[in-house]
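The values are calculated or read from the model by the stated rules, or taken from the named source; none is laboratory data. Everything quoted here is computed from the prediction, not taken from an experiment. Because the Cβ atoms are built from the backbone with ideal geometry, glycine has one as well, and the counts that use them run over all protein chains shown. To get the accessible areas, we keep the full protein, side chains included, count just its heavy atoms, and leave off ligands, DNA and RNA. Shrake-Rupley method; radii C 1.70, N 1.55, O 1.52, S 1.80 Å.
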Amino acid sequence: MEFLRFLEGLRTPFMDTVMSLITQLGDELFFMVIAITMFWCIDKRKGYYVMAVGFIGTMANQLLKLACRIPGPMVMDPDFSILE
């Protein structure tokens, strides 16, 4: 938790925006756009591969979250501030 407090102390509006953009790169929509673009414009096999990797990764992520049930930092410490 101390490491998260340390990172919270380093927050700046610019870095919040940069990190938010990096976070959005892992979104399902990003994988779908890349997979569809590859499917139509580059190679169908590569498009299918990217789509499968995105789907399997998303499913594995959700399965691990359900299996581990570890509470987030805002649940463990109500004073911890998060960004939307």
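Is it true that residue 39 is of a type in the set (A, V, I, L, M, F, W, C) and touching a Leu at 6+ places or on another chain (Cβ under 8 Å)?
For residue 39, the condition - of a type in the set (A, V, I, L, M, F, W, C) and touching a Leu at 6+ places or on another chain (Cβ under 8 Å) - is not met.
Do you know which residues across the range 1-17 are in a helix (DSSP H, G or I) and in contact with a helix residue (DSSP H, G or I) (Cβ under 7 Å, 6 or more places away or on another chain)?
If the condition is that a residue be in a helix (DSSP H, G or I) and in contact with a helix residue (DSSP H, G or I) (Cβ under 7 Å, 6 or more places away or on another chain), then 4 is the only one that fits.
Cβ-Cβ under 9 Å, sequence separation 6+ or interchain: first residue in the range 51-77 and farther than 13 Å from residue 31 by Cβ and among the small types (Gly, Ala, Ser), partner modelled with pLDDT under 90 and loosely packed, with under 11 Cβ neighbours inside 10 Å. Which pairs?
72/82
State the number of residues belonging to the range 12-24 that are open to solvent by 90 Å² or more (accessible area, probe 1.4 Å) and closer than 25 Å to residue 70 by Cβ.
4
Test residue 20 against the stated conditions and say whether it is of a type in the set (S, T, N, Q) and assigned to a loop (DSSP other than H, G, I, E, B).
Considered against the rule, which asks whether it is of a type in the set (S, T, N, Q) and assigned to a loop (DSSP other than H, G, I, E, B), residue 20 comes out as no.
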